[in-house]
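**Student:** Would you mind keeping the following structure in view while I ask a few things?
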Amino acid sequence: MTFDQIETFYLIATLGTYRKATERLNATQPTLSARIAALEDRLGVTLFDRGGHRVALTPQGRQFLVYAEKLLQTRAEARRAGSSSGHSARTCCGAVPTTGCCWWTAPSPEVAATGCETLPRTCSRTAD
């Protein structure tokens, strides 16, 4: 279970449609569907009754919504606490191997070779 899955679930549940959630998350509907399917698989329950353009929560979905909201609030509080400690945030960029080369090209080989040294609070990784 990931925060992306939990946030996706929360937005679909509170906004009532996948379309509104895709706009808020700047993601495609198939991406959101995959996140929800993975979350449902992980939890072993069906969270939504799907029908038409709107979605309705199942009883298990209504129960999980309470926990999802608490988890997202706790994450936001932890982020605020971390940012008020005087430490700077770390920025990460991720890409799947098949498309990663299309997302970012270093302006020079030197920048590519020393990216993490010159930008210590930046990381990059690819997902398999």
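The numbers here are math on the coordinates, done by the rules we state, and not lab data. As the structure is a computational prediction, the values presented were derived from the model and not from experiment. Counting neighbours? That spans all protein chains shown, and the Cβs are built from the backbone with ideal geometry, glycine included.
**Student:** Sticking with the crude label model, points 7 Å out along Cα→Cβ, report the distance from E69 to L43 in nm, one decimal please.
**Tutor:** So the label points at E69 and L43 sit 1.4 nm apart.
**Student:** Rounded, prolate or oblate: pick one for the range 1-49, where a ≥ b ≥ c are the square roots of the eigenvalues of its C-alpha gyration tensor, a/c under 1.5 means rounded, and failing that, prolate if a/b is larger than b/c, else oblate.
**Tutor:** It comes out prolate by the Cα gyration axes.
**Student:** Which FRET efficiency, nearest 0.05, do R80 and T58 yield, Cβ-Cβ r, R0 25 Å?
**Tutor:** The formula returns an efficiency of 0.15 here.
**Student:** What nm distance separates the two modelled labels at R50 and T2, each placed 7 Å from Cα along Cα→Cβ?
**Tutor:** Distance between the two pseudo-spin positions: 1.9 nm.
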